[in-house]
Amino acid sequence: MREKYPSIEQINEADRIRMVKDIFATITGKYDFLNHFLSLRRDVAWRRFAVSQMQFFNTRRFLDVATGTSDLAIEGALCYPDIRVTGVDFVREMLDQGVKKVEKRGLSQRIDLIKGDALHLPFPDNSFDTAGIAFGIRNIPDTARALKEMRRIVIAGGQVLVLEMTFPRIPCFRQFYDLYLNRILPLLARTFSPNPGAYHYLGESIMNFPSVKGFAGMMKDAGLANVKTHVLTLGICHLFIGHKPKSA
């Protein structure tokens, strides 16, 4: 049982990527349960809201980047019965779990899950109406490149959606959330998870994520236009939406 990982501020990008792979390969069995339990099932509502904001008008295709166990991919397919969905992740153990969930839902004909890298998406330019990533962008050290890749593979006018945990700005709630991330969450994870050190990393990754304004600026720098943000559950989660310019 791994108790703690090195601080993300103390390691280089290559080591962080290896650490992220190790983390997600070892928590697969309890991943969905802990996501729902530790967020009081708000993660389900957040994904549903993100999917409700999607737009399909040309390819009728959706790409779920860092799909994990495929919750966002499945939600998209259920909400829009006439689209095809592709999920990409670089952790085989997570994809294997996702395949089981897709089959259980009877969606194998509409959802394809493939092993791939968010920094080198294996698709031609302009292949999807919408690309999304849920709770995964903070695990990609080269965030700018990941955003540019998502921009590349959507069509002109297409969407890039990022759903991510953020540190709230309300002062009294910030104090409670800090306590929850750094004390309560690791304690709960030690009870339920085979790798409680993963949840120390979770808290640290949220606290080191850019400010809402800062991340919106990163999306604009990646070439996305009309970037909008949606505040969810007192600011502990945000949905960011940008569009590939129609002239692109």
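Quick notes
- Qualifying positions in the stretch 16-70 - of a type in the set (Phe, Trp, Tyr) and in a helix (DSSP H, G or I): Phe24, Tyr31, Phe33, Phe37, Trp46, Phe49
- Applying the set (1) part of a helix (DSSP H, G or I); (2) over 26 Å from Asp125 (Cα atoms); (3) not aliphatic (A, V, I, L, M) to Glu9 leaves exactly one unmet item: (1).
- The residues in the stretch 104-134 that are assigned to a strand (DSSP E or B), of a type outside the set (Ser, Thr, Tyr) and under 15 Å from the mean Cα position of the chain (by Cα) can be counted, and the count is 5.
- For the stretch 72-92, the criterion of being in contact (Cβ under 8 Å) with a residue 40 or more places away in the chain, among the basic types (Lys, Arg) and assigned to a helix (DSSP H, G or I) is satisfied by at least one residue.
- Subset of the stretch 52-74 [crowded, with 22+ Cβ neighbours inside 10 Å, in contact with a helix residue (DSSP H, G or I) (Cβ under 7 Å, 6 or more places away or on another chain) and over 23 Å from Pro196 (Cβ atoms)]: Phe62, Leu63, Asp64, Val65, Thr67, Ser70, Leu72, Ile74
- Phe62 of a type in the set (Phe, Trp, Tyr) and closer than 20 Å to Ala118 by Cβ: yes
- Exactly one residue out of Arg16, Arg60, Arg41 is at positive phi and within 18 Å of the chain's Cα centre (by Cα), and it is Arg41.
- Criterion violated by Leu188 - all others in (1) of a type outside the set (Lys, Arg); (2) more than 27 Å from Ile241 (Cβ to Cβ); (3) assigned to a loop (DSSP other than H, G, I, E, B) satisfied: (3)
- Odd one out for Arg190, checked against (1) more than 26 Å from Thr67 (Cβ to Cβ); (2) exposed (fewer than 14 other Cβ atoms within 10 Å of the Cβ): (2)
- Of all residues in the stretch 149-179, those being more than 15 Å from Asp64 (Cα to Cα), at pLDDT 95 or above and not aliphatic (A, V, I, L, M) number 1.
- Residues of the stretch 6-45 that are β-branched (Val, Ile, Thr) and either surrounded by fewer than 18 Cβ atoms within 10 Å (Cβ to Cβ) or closer than 18 Å to Ile137 by Cβ (or both): Ile8, Ile11, Ile17, Val20, Ile23, Val44.
- Matching residues in the stretch 80-89 - criterion: being surrounded by 14 or more Cβ atoms within 10 Å (Cβ to Cβ) and more than 10 Å from Thr67 (Cβ to Cβ): Tyr80, Ile83, Arg84
The values are calculated or read from the model by the stated rules, or taken from the named source; none is laboratory data. This one's a predicted model, so the numbers in the text were calculated from it and none came from an experiment. As a convention, Cβ positions derive from the backbone with ideal geometry for all residues, glycine included, and neighbour counts pool all protein chains shown.
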